[in-house]
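One structure is given here, and the rest of the page talks about it.
Read-outs: derived from the displayed coordinates by stated rules, not from any lab. Worth saying up front: this structure is predicted, and the values here are computed from it rather than measured. Ideal geometry is used to build each Cβ from the backbone, glycine not excepted, and the neighbour counts take in all protein chains shown.
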Amino acid sequence: MKKQWIVGNWKMNGSLAANEALLQALMSGLNQPACGVAVCVPSVYLAQCQALLKGSAIELGAQDVSQHEQGAYTGELSAAMLREFGARFAIVGHSERRQYHGETDAVVAAKTQRALAGGVTPIVCVGETLAEREAGKTEEVVKRQLAAVIHTNGHCISEIVVAYEPVWAIGTGKTASPEQAQAVHAVLRAQLQAASSNPARVPILYGGSMNAANAAELLAQPDIDGGLVGGAALKAPDFLSIIAAARKN
Ligand code: PEP
């Protein structure tokens with residue numbers, strides 16, 4: 001079993017002062033974590049966080065990346081720009097971007113491709129809405145979302161990270177049960193394995209109201225390789241507890 005990853009998604013939260021306080025608390029609370037740890041910060045703060053995290057065990061990520069390499073795309077940020085400011089990861093296709101910014105499966109696939117080409121590891125989010133789950137369409141939806149990414153990036157699919165984030169569990173306090181999450185992770189695992197000739201295990205993170213109380217049980221599931229954490233990543237004690245709950249190996 002490869003090491004797990006606990007990744008914070010700060011969303012549109014933070015300030016220069018708050019970021020510094022949070023990162024200082026995380027760095028002083030972390031001693032040699034058994035898992036990989038990263039924080040995906042608002043891009044305007046990448047430079048600040050890059051400087052603060054220098055030499056620490058915490059990796060840096062962005063929350064989005066352009067599907068274009070460069071040029072006349074006002075407001076967009078390229079993978080190369082993110083990389084230059086220390087981003088190892090970029091979240092791609094988060095449900096909030098699919099919902100509020102109209103990102104389609106094709107756009108998510110193109111963003112994944114650009115991230116990989118620019119040396120940034122995409123954390124590709126998939127997940128069903130409550131209506132889709134209740135209609136028995138969970139598997140169909142997540143497989144369709146992942147298939148688009150595989151179609152465009154099949155040759156290097158082993159280099160991505162996937163996050164299963166049921167939309168109904170994001171920011172709602174409703175968590176998928178460990179069994180519900182494991183069942184979807186197993187479907188995604190099989191799809192990734194069928195698509196790749198590389199035996200390397202693609203990390204599949206769970207996201208959706210993960211917190212200090214439920215992390216251990218979720219992270220103990222055989223196909224859950226870590227967590228993508230929103231609200232609980234903004235409080236150092238909570239994020240540190242989730243990190244401590246990650247599997248050792
Ligand atoms: C997220 O936005 O990726 C997320 C998982 O949020 P939360 O943990 O707050 O549900």
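Computed quantities for the displayed model
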| read-out | value |
| --- | --- |
| DSSP bridge pairs, the chain: antiparallel proportion in percent, nearest 5 | 0 |
| Hydrodynamic radius by Kirkwood, which averages 1/r over all alpha carbon pairs of the stretch 120-170, in angstrom | 11.5 |
| Relative contact order %, the chain, counting alpha carbon pairs below 8 Å whose residues are six or more apart | 22 |
| Value of relative contact order over the stretch 130-249, rounded to a whole percent, pairs C-alpha under 8 Å and six or more apart | 26 |
| Separation between Cα centres of the stretch 29-80 and the stretch 103-181, rounded to whole Å | 20 |
| Chymotrypsin sites (Phe, Trp or Tyr not before Pro) restricted to the stretch 46-109 and DSSP loop, no more than 14 other C-beta within 10 Å | Y73 |
| 3J(HN,Hα) from dihedral phi, the stretch 15-27, Karplus parametrisation 6.51/-1.76/1.60, rounded to Hz, x for glycine, proline | 7, 4, 5, 5, 4, 5, 4, 5, 5, 5, 5, 5, 5 |
| At most 14 other Cβ within 10 Å, DSSP loop - trypsin sites (Lys or Arg not before Pro), the stretch 52-100 | K54 |
| Cα convex hull of the stretch 1-135 - mean projected area over all directions, nm² | 10.0 |
| Dipole magnitude of the stretch 113-205, debye to nearest 20 (Cβ charges: Lys/Arg +1, Asp/Glu -1, about Cα centre) | 160 |
| Neighbour net charge for C125 - beta-carbon separation under 12 angstrom, K R +1, D E -1 | -3 |
| Which of S15, S241, S95, S56 has the fewest Cβ neighbours within 10 Å, and the rest in rising order | S15, S56, S241, S95 |
| Loop trypsin sites (Lys or Arg not before Pro), the stretch 1-44 (other Cβ atoms within 10 Å of the site Cβ: 15 or fewer; DSSP) | K2, K3 |
| Across K54/K143; K143/K174; K54/K137, pairs whose alpha-carbon gap is larger than 32 Å | K54/K143; K54/K137 |
| Expected-Rg normalisation [2.2 N^0.38 Å, Cα atoms] applied to the stretch 89-135 | 1.24 |
| Largest-first ellipsoid semi-axes for the chain, taking √(5λ) over the Cα gyration tensor eigenvalues, angstrom | 25, 22, 17 |
| Cross-link partners of K2 among lysines (Cα-Cα below 17 Å; sequence separation of 8 or more within a chain) | K248 |
